[in-house]
Amino acid sequence: HGKYETFATMLIAVALIIVGIGIFIDGIKHVILALRGQELARPGWIALAICFASIVVKEWLFRYTRRVGVRIQSGAVIANAWHHRSDAFSSVATLVGVAGAMFLGENGRILDPIAAMIVAVFIIIVGIKMAIPAINELLEVSLPEKMEDQIRHIIAESEGVRTYHHLRTRRNGSKIIIEVHLKVNPDITVEQGHSIATEVENKLKNDFGNDSTIITTHIEPYRGEELLRDGSCGA
């Protein structure tokens, strides 16, 4: 069920991209109208005050929501935080446009749609950066190479593990999933093999979090297979 959270993150990212595209298109339309000589509406002081209040509130919401998302390791909550930040960016652009339209006369009113277009690009970029990891997770792409290297090192250095293979990793919501086959001395008892597997699992959980790591190990006898540089074997 962790994929529901990832799917929600992807939906938020897609929504950001759609909103960004909509703002950009609307900005282009107003710029074209201004270049054709049509007079754009002059905003009032209340618009300026609302923009400033929106920036403060949305930035606070971003910081608070992101802090909570990082603490509970929730991609959906972090994605929602960036949604607040994108709203703050939009308010900044609006503030610049409103101020320009108010104080620079008719020629300055074109700053409003231009600023909106610039911010729309940033919103689209944020949406894309959020969508790519979410899509990768839904497709069960392996963990980043740096994390896998750390996992390999922990397994290879564990006492009783002669070598290992079939390492598979992926992320499911806030959980990290690790599957691996451990090769041990074929002459040890089942209880000793179980102890080795438990020790590997405990070491991995100590590094990646006890509540956020799901580990499945499979014990096999070591038959003298050739070791690779990372301590694994090819079979």
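The values are calculated or read from the model by the stated rules, or taken from the named source; none is laboratory data. Just so we're clear, the structure is a prediction, and the values are computed from it rather than from any experiment. So basically every Cβ, Gly included, is an ideal-geometry build from the backbone, and we count neighbours across all protein chains shown.
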message: Among the residues of the stretch 189-202, are any surrounded by fewer than 19 Cβ atoms within 10 Å (Cβ to Cβ), in contact with a helix residue (DSSP H, G or I) (Cβ under 8 Å, 6 or more places away or on another chain) and modelled with pLDDT under 95?
response: no
message: If I filter the stretch 205-220 down to residues being of a type outside the set (Asp, Glu) and out of contact with any strand residue (DSSP E or B) (no Cβ under 7 Å at 6 or more places or on another chain), which single residue comes out as modelled with the lowest pLDDT?
response: 210
task: Kindly indicate whether residue 130 is farther than 28 Å from residue 21 by Cβ, within 18 Å of the chain's Cα centre (by Cα), aliphatic (A, V, I, L, M) and buried (at least 16 other Cβ atoms within 10 Å of the Cβ).
output: no
- prompt: Does residue 114 count as at pLDDT 85 or above and farther than 30 Å from residue 199 by Cβ?
  reply: no
task: Go through 133, 113 for me and flag whichever is within 30 Å of residue 181 (Cβ to Cβ), assigned by TED's automatic domain parsing to the domain that holds residue 19 and in contact (Cβ under 8 Å) with a residue 12 or more places away in the chain.
output: 133
message: Can you go through 11, 48 and tell me which one is closer than 15 Å to residue 115 by Cα and part of a helix (DSSP H, G or I)?
response: 48
